[in-house]
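Student: Take a look at the following structure, please.
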Amino acid sequence: MCGAQASSRSDTSAVRGERMVLTLDKAIALALEQNRDVMVAEQERYKADAQINEAWADALPQIAVAGQYMRNVQLPVIFLSPNTAFNPTDQTELLELGSKNSYSMGVSFTQTLYSRKVGVALDIAHTYEDYTEEAYRATTQGVTLAVKKAYYGVLLCVKLVEANKQGLDIVRANCENIRSQYNHGNAAEYDLLRAEVELANTEPTLISAENNLLLARNALKTLLAIPLETDVDVTGEFTFEEVAPPLLEESRTEALSNNPSIAGLKLRESLLEKNISIEKAGYFPSLSLFGAYQSQSQDNTFNFSKYLWAKSLNVGLQLSYTLFDGFKTGARTEQASVEHEEARYQRMKAEEGLRVQVQSAELKMVEAKKRIEGQQKNIEQAEKAVRIAQTRYKSGVGTQLELLDSQVALTRAQTNYALAIYDFLVAKADWSNAVGAAR
């Protein structure tokens, strides 16, 4: 029983596909290329370009061509009054007009000469393009943050698996040693039972750690849009690098200008301010140039080459001004002003929240660094304690309880150290995301 391996264990290569080794930079690059959220944000950028073209359409001439064929099942008529030169009878007569077949073709155009809405709409379209760029940048930074956390999560799970394997090896070796002593009459049956129970309790912990590693890898694959059957390994040292104090200070002052979410809120505020101008444009007139050319004919012979075509051409100016719209423009302007104020308050709230995020991330980095330093010493002491306990037990002056306690303390110290490293890396990633720093 003591030498038996775990009865069931997660196997990350149970379903083999293409093997992929990922560094952090490669993982981020893949995510920015394949992540679904990034793809959606990319489409929004294309949409913004199309909206600029749409806004330009109102400023450019509108040209239309139309053609019509009409069959007069019953010809239109006019009434001829009696006792007139056209109707000398004493009865009203009907006179049919035109032909059974009627044709018309024409070209028309309009060109806006003055409209406050057109200029503002173009300005809004360009601002919206900037807004989608910031939204895209915010999405890529958010995805980068998620990839970092998932990547560090895999590294953490690897370290926890290693720590639990080491602990299991110690427990198994202790169990084998006690069984050997028991077989030679140098150990009590109670000691053997205690060792076997401890081994049975330790094996599931390793199984759980390996399962968590599999889940962490799958989470990373999902972010990178990699098929789950692909075998993925991550490389990189599970260590931390402090942020220089001058950079921390500089980032605090520049966070509001570098953070894409804040920049996006500022642009949204600007968009809503321009929307006020759009609504106010209802108070102003619009002026357009228009023209039309038309050719029409009526004939029943279907001999098109001999048709008589009547042509007409006209141009003109059209001035439009709404004298009264039931206070609609005023109400819409007021709504736009309220929306602009709401956006301003939302931006202010986000800026205040960002300052808290930056400070919180800095404090978490400091806290994690202190834990890392403390756990490094704990690991050294725990390793030394395990060696001493093993020597004492083999010499017959120590107890099995001492050995098991020292092993548990070592596993706990290694686990706490790995968690402290992970917490520091996550806090640093949160800090980089909050201040808009390059990865």
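The values are calculated or read from the model by the stated rules, or taken from the named source; none is laboratory data. In this text, all values refer to a predicted model and were calculated from it rather than measured experimentally. No Cβ is skipped: glycine too gets one built from the backbone with ideal geometry, and neighbour counts run over all protein chains shown.
Student: For region 327-378, which residues satisfy the criterion of being touching an Asp or Glu at 6+ places or on another chain (Cβ under 9 Å), of a type in the set (Asp, Glu) and closer than 22 Å to SER270 by Cβ?
Tutor: Across region 327-378, the qualifying residue is only GLU334.
Student: Go through GLN407, GLN400 for me and flag whichever is touching a Gly at 6+ places or on another chain (Cβ under 8 Å) and not basic (Lys, Arg). So that I can check it myself, show each step before the final result.
Tutor: On the way: GLN400 fails: touching a Gly at 6+ places or on another chain (Cβ under 8 Å).
None of the others qualify; the one that does is GLN407.
Student: Any residue in region 249-267 that is outside any helix (DSSP H, G or I) sitting within a Cβ distance under 8 Å of a residue that is surrounded by fewer than 21 Cβ atoms within 10 Å (Cβ to Cβ) and at pLDDT 85 or above? List the pairs, counting only those 6 or more apart or interchain.
Tutor: As it stands, the answer is ASN259/LEU354, since those pairs meet every condition given.
Student: List pairs: first residue in region 32-52 and in contact (Cβ under 8 Å) with a residue 12 or more places away in the chain and exposed (fewer than 12 other Cβ atoms within 10 Å of the Cβ), second residue aromatic (Phe, Trp, Tyr) and in a helix (DSSP H, G or I) anywhere in the structure, Cβ distance under 6 angstrom, at least six positions apart or on different chains.
Tutor: Here the result reads none, with nothing in region 32-52 linked to a residue that is aromatic (Phe, Trp, Tyr) and in a helix (DSSP H, G or I).
Student: Going through region 113-145 one residue at a time, which ones are under 12 Å from the mean Cα position of the chain (by Cα) and either buried (at least 19 other Cβ atoms within 10 Å of the Cβ) or within 12 Å of ALA48 (Cα to Cα) (or both)? Show your work before the answer.
Tutor: Taking region 113-145 and keeping what is under 12 Å from the mean Cα position of the chain (by Cα), we get 132, 134-145.
If the condition is that a residue be under 12 Å from the mean Cα position of the chain (by Cα) and either buried (at least 19 other Cβ atoms within 10 Å of the Cβ) or within 12 Å of ALA48 (Cα to Cα) (or both), then THR132, GLU134, ALA135, TYR136, ALA138, THR139, THR140, GLN141, VAL143, THR144 are the ones that fit.
Student: Are there any pairs, at least 6 apart or on different chains, whose C-beta atoms fall under 8 Å, with the first in region 304-332 and farther than 30 Å from TYR293 by Cβ and the second polar (S, T, N, Q) and in a loop (DSSP other than H, G, I, E, B), and if so, which?
Tutor: THR329/THR322
Student: So which of SER395, SER360, SER337 ends up being within 22 Å of LEU247 (Cβ to Cβ) and of a type in the set (Ser, Thr, Tyr)?
Tutor: Every option except SER360 fails the conditions.
Student: Assuming VAL158 fulfils every condition listed in (1) closer than 19 Å to LYS394 by Cβ; (2) touching a strand residue (DSSP E or B) at 6+ places or on another chain (Cβ under 8 Å) apart from one, which condition is it?
Tutor: (1)
Student: Output the residues belonging to region 216-231 that are over 18 Å from THR144 (Cβ atoms) and either within 22 Å of the chain's Cα centre (by Cα) or assigned to a strand (DSSP E or B) (or both).
Tutor: Step one: of region 216-231, the residues over 18 Å from THR144 (Cβ atoms) are 217-218, 227-231.
Once the filter is applied, which keeps residues that are over 18 Å from THR144 (Cβ atoms) and either within 22 Å of the chain's Cα centre (by Cα) or assigned to a strand (DSSP E or B) (or both), region 216-231 yields ARG217, ASN218, PRO227, LEU228, ASP231.
Student: Of the residues in region 296-323, how many are under 20 Å from PRO61 (Cβ atoms), loosely packed, with under 11 Cβ neighbours inside 10 Å and of a type in the set (A, V, I, L, M, F, W, C)?
Tutor: The number of residues fulfilling the criteria is 3.
Student: Oh, and also: Given the criteria surrounded by fewer than 16 Cβ atoms within 10 Å (Cβ to Cβ), touching a Lys or Arg at 6+ places or on another chain (Cβ under 7 Å), on the phi < 0 side of the Ramachandran plot and not aromatic (Phe, Trp, Tyr), does THR222 qualify? Can you show your working first?
Tutor: Details: surrounded by fewer than 16 Cβ atoms within 10 Å (Cβ to Cβ): yes; touching a Lys or Arg at 6+ places or on another chain (Cβ under 7 Å): no; on the phi < 0 side of the Ramachandran plot: yes; not aromatic (Phe, Trp, Tyr): yes.
Answer is no for this residue.
Student: Kindly indicate whether GLN346 is touching a residue at least 40 places away in the same chain (Cβ under 8 Å), exposed (fewer than 14 other Cβ atoms within 10 Å of the Cβ) and assigned by TED's automatic domain parsing to the domain that holds GLU196. Let's see the steps before the verdict.
Tutor: Working: touching a residue at least 40 places away in the same chain (Cβ under 8 Å): yes; exposed (fewer than 14 other Cβ atoms within 10 Å of the Cβ): yes; assigned by TED's automatic domain parsing to the domain that holds GLU196: yes.
Taking the combined requirement at face value, the residue satisfies it.
Student: I would also like to ask the following. Taking the residues in region 294-342 that are outside any strand (DSSP E or B) and β-branched (Val, Ile, Thr) as candidates, determine which candidate is nearest to VAL73 (Cα to Cα).
Tutor: Of region 294-342, the ones outside any strand (DSSP E or B) are 299-309, 321-342.
With the extra rule that they be β-branched (Val, Ile, Thr), the set shrinks to 301, 322, 329, 333, 338.
On the way: THR301: 16, THR322: 42, THR329: 47, THR333: 52, VAL338: 59 Å.
So the residue we want is THR301.
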